[in-house]
Every structure is written in C-alpha cells, then in structure tokens.
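Engineer: First, the structure itself, so that you have it in front of you.
Since every read-out is calculated from the coordinates, none of them should be taken as a lab result. Bear in mind the structure is a predicted one, so any value in this text is a computation, not a measurement. Methodologically, a virtual Cβ is constructed for each residue, glycine included, from the backbone with ideal geometry; neighbour enumeration extends over all protein chains shown.
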Amino acid sequence: MIDLRPILLTIGATLCAFAAAMMLPALLDLADGNQDWQVFAIASLATFFIGSLLLLVAPGSRSPEMTPRTGFVLTTSVWLAAAAFAGLPFIGLGLSFTDAYFEAMSGLTTTGSTVLTNLDELPRGILLWRSLLQGVGGIGIVVTAILILPFLKIGGMQLFMTESSDTSEKLLPRAIQISLAIVAIYGGLLVACGVAYLVLGMTFFDAVCHALTTVSTGGFSTHDKSFGFFASPAQQWVCVLFMVLGSLPFTVLYQCRTGSLSAIYNDQQARGFAFVILAASGVLVIYTQATTPVPFEEALRRVVFNVVSIVSTTGFATEDYTAWGPFAVGVFMLLTFIGGCSGSTAGGIKIYRLQIASRVSRAHLGQLRRPHAVAPLTYNGRPITRDVAFSVVAFLFVYITTALIFTVALSAAGLDFTTAFSSSAQAIASVGPGLGDTVGPAGNFSALPDVAKWLLSVEMLLGRLELFTVLVLFSREFWNW
C-alpha cells in the first residue's frame, strides 16, 4: 500500500504556495485600478483553503519511504492538482475550464502554447500570472529531474543519480540541500536576466515577466509578437544567452558557481548541446543567405535566436520562421525533438539520450565486426550499464510512439496532418509553436477544438514528467496494485 500522507502533504503545501503567489498579480491589478484583482484574491482564498485542509488531514513529519509507486503517484498528483488550481484565475477572467486548464498546464510544463489573444491589451495581472506559472514550473521541473527521475531509473536518468538516491533514510536531508542549491542558482539566473533586460531598455514589468519565461525556457510573452516586439538586437542576444543557460544541467552550473568554470566544457551533454546549436545555426545561416538577401549579422541573429529558442524548447519567436522555406521548416521540426540537457528546464528527448543511443549503436556494430572485442562504454566517467542502455532505448521507442499515437488522435479530432503532427511533437517536447496557421509561430491554439486541447494537455504532462516511460518500465508493478 502507498502511504498517502506524504502525497497529501506535498499537494497541500504546493497549493498553499500557489495561493500566496496569486496575491502578486492581485496586488498588481489593485495598484492598476483593475477590478480583476478580486478574481485573484478569491482564487487565492479557495486554493489556500483546500491546501490547508489537505495539510490538516495528513499530519505527520516522518520521512516518507520513497518507492517507485510513491514517486509516480506523487509527481503525477502534484502536477495535476497544481494545474487545476492554477487555472482558477483564468476561469474567473472568462475562459472556459478547458481553456483555463490548457493555459495553466502549458505554463507549468513551460510549454508556451497559449489560447489567449490580444496580449497587448490584457491586464498586467494575468500576464504576470502566466509568467509566474512558467517560473514556478521551471524550478519544479529541474527539482523533479534531479531528485525524482533518477531514483525511478527513467529513461537512463539513473546515470545522474546522486549518492543520496539509493536509500530512503538519506533522501530527505540531502534532497533539501540539493533543492536549496538549485533554487539559489535559478534565482540568480532570474535576477541576472531581468537586470540585463532592464538595462537594455525593457520596462520593469516586461523585464520581470520575460526573465521568468526565458530562464524557465517557457516562452510566454506579454506581447502578441512574442520576442519580436523588442527590436533591440542586444536584447535578443541576451535572451539567447539565458535560454542556453536554462538548457544546461543545473548540476554543472552549480560546479561553475563553486569555481570550476571548466565544468561546462568537460560535460559531454553541454558539448553536444553546443554542437547541435552551432551545426543547425551554420546550416541555416548558409541557407538563408542563399535565399534571402539580408545583412550577415541580421541573418546570424535571426537564425541563432530561433534555433536556440526551439532546441531549448523555449518557443520565443522573433518572426514566423516557417516562411523561410521548406528546408528551414524541416530543420526546425528536427530540432523540436532534440531538446536540451537533462537536469535543466528544457524539454525534448534530451542530448544525453541521443549520445548514449549513438554509442550503444556504434558498440553493437563494432561487436558484429569483432565479436570478441571488449570495450566498456562510459558516459561522463560513468559506465553505461545494460539497464541504462535498455532504459534509453525504451524511452526513445515510447517517446516516438506516444507522439504518433497523439497525432492520430488529434487527426481524429479534426486537425489536418501538419497541425496534428506538429502540435503533438511540440507538446511532448514542451516547445510551444508547431507548424501551420493555427499552431505555428504566428497562430494561436484557441482555434483548436476542446478535445484537441485536452489531448495536448495530457501530452504536455506526459512529455514533461516522462511518465509514459514510467508506465512502460513499471507496468507489471502497476498492474499488481
């Protein structure tokens, strides 16, 4: 049996934290003289009441025994409950429950797909709330990736298991230390990004909102033109820098913080991530220079910004890159699947899985040529064991299968193939924009039927928490419940 106390306590504490966060946009709307502050105040009170009730119903301070079952139920229930209550302000402002849940789930999973239109005319409170959702979701994703997923041995994440993840007795104290270090790094990046935006000419409000959605690699903007609203090349280059930093492993950033600046270069993931950015940018710069007569600096900036935005799964756009031609569309579609590094705010397959799959494949082909050769595989100094290799292969198989299943389901909901496939791919990778007039960089998800929004909400959650792999790897255990 699963001990429900730690799950209820975690949900209760999360809801109380969300209730407190709702007061920030309430105060902003109150200061602006906008009556929408009442919506946030009521939503905050309702969320705090339910959260406090859960804390009272599940007393106890005993450290929970972290098992795969507990970890699975805890992560799933917390994110489902958080999205439901985070959507209350959207409902109070006139959105349907479907649209509100979609917007909240998109924010918390840092996907960046939106059903809201006319952002430039919306009250500042709701714009701040969207940015806060992505800021909170980003740190939650990093903590989950570093503390929970390695323990569950999902998708090869056991390679990144800390020394405290093997026993339940050591998990909680060490987890608190790791969480505090992550929060410090995340907060430092947010402050640095916001200050840089402010110095380069953004308003204080825009700087705060875009810092939250840049470092979290979320992509929500306060303007309909997304980052294209800001014509400053310097702001775009700063955005590129912090999108990259948000896509790097936070454990590596911690090593840099303690003085080991070479940690980024020494990390195989970081090098692979840099190679993908440089290779894709180089190819697209050559392509755009050959097809569009624009100055080299402008072409370089446009290409690098959009490449980093997609491969980091942020989803900011300076323009509709689908107008660059079919070759560019194909490259961006490929980048949608790749993603950033493990232990970062970025989504996607992750660089390390592609690197491990490549090494395992080369080793297998080499063994076919030389059956008696023994060549142990390692990654970042750690051995690639059979369970790691199997976990990565299983992840890749289920990842692609899930994207295709949801493509078929979305097609059954009435979407054309391009819209169905690209929206499925972006949802599972947490990118935001897809392809086509409806879900492309210049489109809006509000035109989708409700059933499609629910399907994409489910896929966003599955992709972000990698729960589809949990379902496969632990299906026998779950069946015995």
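Engineer: Can you give the extra length, in nm with one decimal, that the chain gains between V57 and N266 once fully stretched, where that is 0.36 nm per residue apart less the Cα-Cα distance?
Structural biologist: Between V57 and N266, full extension yields 70.4 nm more.
Engineer: Taking the number of other C-beta atoms within 10 Å as the exposure measure, put Y197, Y379 in order starting with the fewest.
Structural biologist: Placing the least packed residue first, the sequence is Y379, Y197.
Engineer: Can I ask one more? At R0 = 56 Å, how high is the FRET efficiency between V408 and Q38 if r is their beta carbon distance? Nearest 0.05 is fine.
Structural biologist: That gives a FRET efficiency of 0.80.
Engineer: For F229 and I286, FRET efficiency with R0 = 30 Å and r from the beta-carbon atoms, rounded to 0.05?
Structural biologist: Result of the calculation: an efficiency of 0.60.
Engineer: When the expected Rg is taken as 2.2 N^0.38 Å, what fraction or multiple of it is the alpha-carbon Rg of the chain? Walk me through the numbers before you get to the answer.
Structural biologist: Working: Rg = 21.9 Å, N = 481, 2.2 N^0.38 = 23.0 Å.
After normalising by residue count via 2.2 N^0.38 Å, the value is 0.95.
Engineer: Taking the beta-carbon count within 10 Å as an exposure proxy, list L334, L56, L455, L354 from fewest neighbours to most.
Structural biologist: L56, L334, L354, L455
Engineer: Additional query: List the DSSP H helices in the chain whose Cα atoms stretch 15 Å or more along the helix axis and whose mean Kyte-Doolittle hydropathy is at least 1.6.
Structural biologist: Both cut-offs are met by 4-31, 37-57, 326-338, 386-412.
Engineer: In terms of the ratio Rg/(2.2 N^0.38 Å) built on C-alpha atoms, what value belongs to the range 384-479?
Structural biologist: 1.18
Engineer: Quick check on the exposure proxy: order E298, E121 from fewest to most C-beta atoms within 10 angstrom.
Structural biologist: Ascending Cβ contact count within 10 Å gives the list E121, E298.
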